[in-house]
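What follows draws every value from the coordinates through simple rules; no lab data is involved. Bear in mind the structure is a predicted one, so any value in this text is a computation, not a measurement. Cβ placement follows ideal geometry from the backbone for every residue including glycine, while neighbour counts extend to all protein chains displayed.
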Amino acid sequence: MATLLVTGGAGFIGSNFVLDWLRRHHGDRIVNVDKLTYAGNRRSLAAVEGQPRHVFSQTDICDRAALDALLATHRPQAVVHFAAESHVDRSIADPGAFIQTNVVGTFTLLEAARAYWGRLNAADADHFRFLHVSTDEVFGSLGADDPPFSESTPYQPNSPYSASKAASDHLVRSYHHTYGLPVLTTHCSNNYGPYHFPEKLIPLMITRALAGKPLPVYGDGLNVRDWLYVGDHCTAIRTVLARGRVGETYNIGGWNEKSNLDVVHTLCDLLDALRPKASGSYRQQITFVTDRPGHDRRYAIDARKLERELGWRPAETFETGLRKTVQWYLDNPGWVKDVTSGEYRNWMARQYAAA
Ligand code: NAD
Ligand code: TYD
């Protein structure tokens, strides 16, 4: 039986990863360490709540003593680090929390992991892994004709969010180089799928469309993102954890470059088919709003290293993944209602006052 310590396992990707792992590995146990910020929702974990294989701890990754105690008690074979402040618009409005969690929190977790790993016997120390989940945003913004980001693309973070993630990547790298900690780092593109907090583009558009609200597209709507279905991302992380070469970085992408306007049009068309309005199309709710400051124009991931070395490729196309996602939101209005709390409503009022 293996034990994994997962941080941020009540967030979007983390909860998908925890549910997926426990579904596939019946003998394993996950220690889920999450501060439960506005983005963390235990309701996403309802399927495993109360099972002894899922140990939930409401803990801040900046709390060194609590991390030491969790590691000593549960003796995990790996740490999978998702916890972060993750929303670019919030990092523009209030960057402090991003430095605290993404930089100081990752540093604190690395220190706790280093101390724990240093006390393991040689065989256990050899097998231990620290997998750091990063983002393609650390590489900056691409022009229309630039090749996609590879693992050797230089760092050029443009937002406080991506700068804080870049800083955490450098710390992770240095803990391998300096102390020999067996780390792995992944850079994924924009994820989408179930349990995605409705402040991000895809769930925001679905929930606002259904509520009859304007669909706020920033700028000209022609910024491009490379969309990755969250289930494919979880498979990639499991693959890297099992067979990735220690100290290496791996890009994870969906080979799905789309402009924001394309994404919103496709969502509206899916909703028109699955939940038609009394009259007209959801497209009529689209509205163009003031652009995000410093808005990165294009992200695209070259995921060939992961395919070549470890044989991973995404299973979903954008069409199949998006259809599943829209259907999930239609089937789970209770989850949406639960997570769109007072704090969410305050953010919406501040961010979209003009929409
Ligand atoms: P999310 O915002 O949905 O979830 C983050 C989780 O971390 C929440 O449960 C929150 O409560 C928890 N958390 C925040 N601060 C914490 C702290 N100080 N201590 C403990 N827990 C804390 O994020 P997500 O979209 O699931 O992203 C997970 C990881 O993947 C992040 O590291 C993010 O940078 C990275 N990533 C995400 C995407 C994406 O498209 N969502 C793309 C690339 C990379
Ligand atoms: P987002 O989901 O915030 O992810 P990221 O900024 O990390 O890529 O945004 C995805 C794209 O959608 C990005 O180009 C900004 C754009 N966007 C809008 O046009 N309107 C919105 O209300 C939001 C939240 C995002």
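Worth pointing out:
- Considering the range 36-86, the residues that are of a type in the set (S, T, Y) and not in a strand (DSSP E or B) include one that is nearest to A242 (Cα to Cα), namely T73.
- Note on the range 159-202: among residues that are closer than 12 Å to H132 by Cα and basic (K, R), the one that is surrounded by the fewest Cβ atoms within 10 Å (Cβ to Cβ) is R173.
- Residues that are hydroxyl-bearing (S, T, Y), over 14 Å from the mean Cα position of the chain (by Cα) and not in a helix (DSSP H, G or I), drawn from the range 221-274: T249, Y250, S259
- Qualifying helices (runs of 4 or more DSSP H) (wholly inside the range 286-344; at least 3 residues being within 16 Å of ligand 1 (Cβ to nearest atom), of a type outside the set (D, E) and surrounded by 13 or more Cβ atoms within 10 Å (Cβ to Cβ)): 318-331, 333-339
- Applying the criterion of being polar (S, T, N, Q) and closer than 21 Å to L70 by Cα to the residues of the range 87-104, the residue that is nearest to ligand 2 (Cβ to nearest atom) is N102.
- Test: residue in the range 35-44 that is touching a Pro at 6+ places or on another chain (Cβ under 9 Å) and away from ligand 2 (no atom under 16 Å from the Cβ): yes
- The single condition among (1) within 19 Å of the chain's Cα centre (by Cα); (2) farther than 24 Å from C234 by Cβ that A112 does not meet is (1).
- Qualifying residue in the range 62-85 (condition: crowded, with 19+ Cβ neighbours inside 10 Å, farther than 25 Å from L110 by Cβ and among the aliphatic types (A, V, I, L, M)): no
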